[in-house]
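Here's the structure we're looking at; comments come further down.
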Amino acid sequence: MFRPGSPHHESGDGANEVEQPRPVEGARQPSAAQRLRTLVESSVSAVLSIPGAGGPAPALPGHDAVPVRAVDDGGSVILLLRSTHPAAAAPLGPGEERVAVMELTDVAPVAVPHRVRARASVAGWLSAVAEPGREDCLRLLDERGSGTGPPPGAAGTLLRLEVGEAQLDDLRGRAEIEPDEFATAPADPLAGVETELLQHLASAHAGQVRRLCGLLPSDPRSSGPCRAAPADRVVPLSLDRFGLRLRLCGEGGCRDAHFPFDEPVSGIAGLRRALRRLFEATER
């Protein structure tokens with residue numbers, strides 16, 4: 001989808017960044033659009049900027065953040081900004097638009113090398129939410145919103161970001177996402193509980209998690225439960241409806257291993273069954 005003046009955002013010089021471990025994936029995995037939709041509607045860090053706009057920088061760290069956001073049925077991102085956000089300092093009039101970029105950063109909720117799991121940018125056209133639709137947007141934020149920061153209905157500036165283009169760089173690779181793909185992609189149903197579950201696995205089930213390495217192809221240089229590679233640490237890194245990803249770190253560096261579920265899960269009950277089957281497989 002192209003629109004005259006289509007915003008384009010360069011992600012910056014990443015030449016000095018350490019590359020994430022990226023294993024070869026199987027066929028069953030979320031699409032790039034689904035992964036981006038999950039990021040946008042989750043509680044990961046997000047900031048909104050207006051390229052070329054003048055005015056003072058945020059007075060305090062975090063004042064350019066987007067604490068509450070959700071995606072409407074048309075694929076636009078509804079944003080509730082703090083009153084101190086730079087975009088709120090110059091209100092948009094009826095029918096007025098500004099090019100804006102929202103940047104998201106997803107950090108693993110457990111301590112692990114290369115902790116940033118994903119970076120994404122969503123560029124488009126920012127406009128004010130008209131009064132007739134304000135209540136509907138607040139209701140949407142209450143139902144689907146990221147849920148960090150001020151609750152819907154609190155003081156703040158309500159804006160709509162019409163998506164023009166989007167880029168994603170995550171554990172599965174780099175991709176550009178079309179607005180139509182983003183609009184129709186579902187978010188992962190486990191996104192809201194992933195942080196708590198990963199932390200629980202790391203703290204209460206570290207032994208079981210480590211034994212999952214025994215399901216990987218053996219490496220003759222290795223011994224013990226992690227025969228697939230010499231690994232001093234095995235950490236649960238990410239979780240979605242398709243499976244669990246671990247990061248294995250040792251003297252030779254880090255690698256990732258993905259353990260797919262027998263079938264995609266849609267909720268906590270299905271996840272418990274899927275994890276139980278994975279752990280039981282290590283005992284055979």
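The values are calculated or read from the model by the stated rules, or taken from the named source; none is laboratory data. Please read these numbers as outputs of a predicted model, since none were measured by experiment. Cβ atoms come from the backbone with ideal geometry, glycine included; neighbour counts cover every protein chain shown. Ligands, DNA and RNA are excluded from the accessible area calculation, which covers all protein heavy atoms including side chains. Shrake-Rupley method; radii C 1.70, N 1.55, O 1.52, S 1.80 Å.
The table for this structure:
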item: Candidate residues GLU97, GLU194, GLU131: accessible-area rank, largest first, probe 1.4 Å; result: GLU131, GLU97, GLU194
item: GLY164 long-range amide H proximity, modeled H, under 5 Å; result: ALA123, GLY124, TRP125
item: Segment 201-206 - phi-based ³J(HN,Hα) in whole Hz, Karplus 6.51/-1.76/1.60, Gly and Pro as x; result: 4, 5, 8, 10, 9, 4
item: Nonlocal amide H pairs with SER45, under 5 Å, H built at 1.01 Å; result: THR105, VAL107
item: Extension gain from VAL47 to ASP262, taking 0.36 nm per residue of separation minus the Cα-Cα distance; result: 73.7 nm
item: Cut-off under 5 Å, modelled amide H: who pairs with LEU237 long-range; result: ARG245, LEU246, ARG247
item: In order through segment 235-240: 3J(HN,Hα) via Karplus (6.51 cos²θ - 1.76 cosθ + 1.60), integer Hz, x for Gly, Pro; result: 10, x, 9, 7, 8, 9
item: Shape call, segment 81-186: gyration tensor on alpha carbons, a/c limit 1.5; result: prolate
item: Förster radius 30 Å - calculated FRET efficiency between THR105 and ARG272 (Cβ-Cβ, nearest 0.05); result: 0.50
item: Karplus (6.51, -1.76, 1.60) ³J(HN,Hα), θ = phi - 60°, over segment 267-284, in Hz, Gly and Pro reported as x; result: x, 5, 4, x, 5, 4, 5, 5, 5, 4, 5, 4, 5, 5, 5, 6, 9, 7
item: Area accessible to solvent at GLU103, 1.4 Å probe radius, in Å²; result: 70 Å²
item: Heavy atoms of SER49 accessible to a 1.4 Å probe, total area in Å² rounded to 10; result: 50 Å²
item: Sequence of ILE177, ILE50 when ordered by accessible area, the most exposed leading, probe 1.4 angstrom; result: ILE50, ILE177
item: Counted charge near ASP136, where neighbours are those whose Cβ lies closer than 14 Å (Asp, Glu -1; Lys, Arg +1); result: -2
